[in-house]
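Trainee: Submitted below is the structure of interest, expressed as structure tokens.
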Amino acid sequence: FKLTSKNLSPISSQQGEHRVEIPTYNRDDVKEGIVHVGVGGFHRAHLAVYVDKLLQHHNERDWAICGVGLRPNDAAMRDVLAAQDHLYTVIERSAKGSFANVVGSINSFLFAPDDREAVIAKMAHPDTHIVSLTITESGYYYNENTHQLTSEHPDIQHDLANENSPVSTFGFLYAALARRHAAGLKPFTVLSCDNMQKNGSITRHMLESFARLRNPELAKWIAEEGAFPNAMVDRITPSTSPNDIKSLSEDFGIDDEWPVVTEPFMQWVVEDKFSDGRPPFEKVGVQVVNNVHDVEQFEKHKLRLLNASHSAMAYPGQLAGFKYIHEVMEHPVYRKFVWQMMQEEVKPLLPDIPGVNIDQYCETLMERFSNPTIMDQIPRVALNASGKIPQFIMPSIAEQIWVTGPFKRLCFVLAGWFHYIRGVDNAGNAFEIDDPMREQLQALAKQGGNDPRPLLSIKVLFGDDLRNDKRFIDELTSAMELIDKEGVMAALPKLVN
Ligand code: NAD
């Protein structure tokens, strides 16, 4: 059956292991309280699923979602969702099997390049209480070195000059907040669901900086009345493959042009700081916490352990010719490398969280990485490294330098990335690099060879402090030479105990 509202009932009529959960609430009788920018795989497997549970089991009808796409590529999502009454399937996969769930919480979709005004008006609408974001790390125009907004970026410059036809997220947020202010409404909560330490605080700082450049008075209102909860988000969500579409049709009888495949695990720890109300997220398993400090601890654990391990598998893994994360986990030495990096180089830096057993957390991560059924692609995990390495790997390296602790495996990951930037693996095969800083990175990688200093001179990524640390430069240089001479797989045994 083609996935549409009309076909939901035949889709749900199958029994046994191929039973499909469908939304049974009345999708015509909801308000869109959330506008979400960046409807990719992760949003559809995470926030939209939590909201679907609120609608399905708790009759929370004020919180349906209007999806927004800002980028030209989002036209594909617009078209698929429009043809399916904005329904899609979440396929949960693990050793226990596959479970399919049709999600109905995304009620409509606006494609900004078609109609920018419609997006601003929607965010400014009194029914909208939250604007949530998964716009990737690069969508924040955040300079890692100065911790300031990259205000010279052409998108930001464009938006400062064109209030009513913005291109960046901040341009849209600003324009909509200006209208809400003029209309006497409260500012909506801006809820970042991207993988960044202090994602809420960074969003606040970037938006306030943008607003100050346009209208200091509005910036003041946003600072005083606005809310930007910090949040830790977690659910591994690979890109959808043609096989996923085919098996959904064959196994479950659903013709869905763009389902989402994910793992059973999901977690969201969010600070309870909302300016215009919120749904009772705790009813569906979200950890809503009062203390920003709590969120930061969870974020830190997740970014430094889960995401750093992902980087450890992605860059050296790509060089070694692996295609999927679980394949790396199947290799005993590589597996040990990842485990020992977590245990010996990252864990000692992390705070204790009451109620969290960090060793158990690491073991669960190894198990999740090993899940062969979700087929998590290395190129997906690797993309946009310039937004990831400074968040996931560099803070642990910097802290180990301060305490003169061990960091050879972390350096090996960084060296792996520096090699990866060249776009050729250890067997001589070329691969694509998807990174907004690609040209600059490649020019400096070429200039440096096995000398990491030209790449380390990119201040927005590495700041100023590390470049002169001899121990760090020596370790990184020898890791680069080792990869060059022997290749990743021959080098790895030298890095495990
Ligand atoms: P995706 O490629 O499926 O979707 C990305 C979405 O972000 C698209 O809608 C795209 O248009 C939008 N986007 C990209 N750059 C943008 C920009 N500069 N401004 C505005 N919108 C922009 O990716 P995904 O898997 O959904 O992941 C998105 C983000 O979610 C990640 O970068 C990460 O921060 C977070 N996340 C992902 C996972 C995961 O496992 N996939 C897990 C936790 C967190």
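Trainee: Ignoring any ligand, DNA or RNA, what whole percent of the accessible area of region 38-116 comes from carbon and sulfur when the probe is 1.4 angstrom?
Mentor: 45
Trainee: Mind checking the full-extension length gain between ASN145 and ALA82? Use 0.36 nm per residue of separation minus the Cα-Cα distance, one decimal, nm.
Mentor: 18.5 nm
Trainee: Run lengths n ≥ 4 of DSSP H only: what is the helix-derived mean residue ellipticity at 222 nm for the chain, with -39500 (n - 2.57) per run over all residues, to the nearest 500?
Mentor: So the calculated ellipticity at 222 nm is -13000 deg cm²/dmol.
Trainee: I need the peptides 113-121, 423-431 ranked by packing, meaning the mean over residues of other C-beta atoms within 10 angstrom, with the highest value on top.
Mentor: Packing proxy ranking, top to bottom: 113-121, 423-431.
Trainee: Run the simple label-point estimate for GLU217 and ASN290 please: 7 Å along Cα→C-beta, distance reported in nm.
Mentor: 3.7
Trainee: Grab the beta carbon distance between ASP451 and ASN497, set R0 = 30 Å, and tell me the FRET efficiency rounded to 0.05.
Mentor: It comes to 0.55.
Trainee: As a test of the definition: which semi-axes, in Å, follow for region 187-229 when you take the square root of five times each eigenvalue of its alpha carbon gyration tensor? Largest first, please.
Mentor: Details: eigenvalues 72, 24, 9 Å².
Computed over region 187-229, the values are 19, 11, 7 Å.
Trainee: How big is the Kirkwood radius of region 107-149, worked out from every pair of different alpha carbons and given in Å to one decimal?
Mentor: Taking the inverse mean of 1/r over all distinct Cα pairs, region 107-149 comes out at 12.7 Å.
Trainee: So how much slack lies between GLN267 and SER138, counting 0.36 nm per residue of separation and subtracting their Cα-Cα distance, in nm?
Mentor: 44.2 nm
Trainee: Which peptide among 20-31, 129-140 comes first, and what is the full order, when sorted by highest mean count of other Cβ atoms within 10 Å? If you can, show how the numbers build up before the last one.
Mentor: Values: 20-31: 15.3, 129-140: 21.6.
Top of the packing list down: 129-140, 20-31.
Trainee: Once all Cα-Cα distances of the chain are split into 20 Å bins that start at 0, what whole-number percent is in each one?
Mentor: 23, 55, 22, 0
Trainee: Putting +1 on Lys and Arg Cβ atoms and -1 on Asp and Glu Cβ atoms, find which of HIS293, ASN164, PRO229 reaches farthest to the positive end of the dipole of the chain.
Mentor: The Cα lying farthest towards the positive end belongs to HIS293.
Trainee: For region 355-430, what class follows from the C-alpha gyration tensor (a ≥ b ≥ c being the square roots of its eigenvalues): rounded when a/c is under 1.5, otherwise prolate if a/b is larger than b/c, else oblate?
Mentor: Note, shape of region 355-430 comes out oblate.
Trainee: With a probe of 1.4 Å, find how much accessible area the chain has per residue, and write the answer as a whole number in Å².
Mentor: That works out to 40 Å² for each residue.
Trainee: In whole percent, how big is the carbon plus sulfur part of the accessible area of region 288-363, probe 1.4 Å, protein atoms only?
Mentor: 46
Trainee: Give, to the nearest whole percent, the P(r) tail of region 11-73 beyond 13 angstrom, counting all Cα pairs. Walk me through the numbers before you get to the answer.
Mentor: On the way: 1314 of 1953 pairs.
Considering region 11-73, 67 percent of its Cα-Cα pairs are separated by more than 13 Å.
Trainee: Next up: Quick check: residue separation of VAL333 and ALA183 times 0.36 nm, minus the Cα distance between them. What number comes out in nm?
Mentor: Working: separation 150, 0.36 × 150 = 54.00 nm, distance 6.13 nm.
47.9 nm is the gain from fully extending VAL333 to ALA183.
Trainee: Between ASN164 and HIS18, what is the FRET efficiency for a Förster distance of 60 Å, r being their Cβ-Cβ separation, to the nearest 0.05?
Mentor: 0.75
Trainee: Ok, one more. Past 20 Å, Cα to Cα: identify those pairs from LYS446/LYS470; LYS31/LYS122; LYS220/LYS459; LYS186/LYS283; LYS388/LYS494, in the order given.
Mentor: As for pairs spanning more than 20 Å Cα to Cα, those are LYS446/LYS470; LYS220/LYS459; LYS186/LYS283; LYS388/LYS494.
Trainee: Here's another thing I want to ask about it. What whole-number value in cubic angstrom gives the convex hull volume per residue for the C-alpha atoms of region 12-159?
Mentor: Looking at region 12-159, the number lands at 148 Å³ per residue.
Trainee: Can I ask one more? How would you order 200-209, 147-156 from highest to lowest mean count of nearby Cβ atoms within 10 Å? Provide the component values of the computation, followed by the final result.
Mentor: Values: 200-209: 21.5, 147-156: 14.5.
For the peptides 200-209, 147-156, the packing ranking is 200-209, 147-156.
Trainee: Taking Rh as the Kirkwood radius, which is the inverse of the mean 1/r over Cα pairs, what is the Rg/Rh value for region 202-274?
Mentor: Computed over Cα atoms, the ratio is 1.27.
The values are calculated or read from the model by the stated rules, or taken from the named source; none is laboratory data. What you see is a predicted model, and the numbers here were worked out from it, not measured in a lab. As a convention, Cβ positions derive from the backbone with ideal geometry for all residues, glycine included, and neighbour counts pool all protein chains shown. With ligands, DNA and RNA removed, areas are computed over all heavy atoms of the protein, side chains included. Shrake-Rupley method; radii C 1.70, N 1.55, O 1.52, S 1.80 Å.
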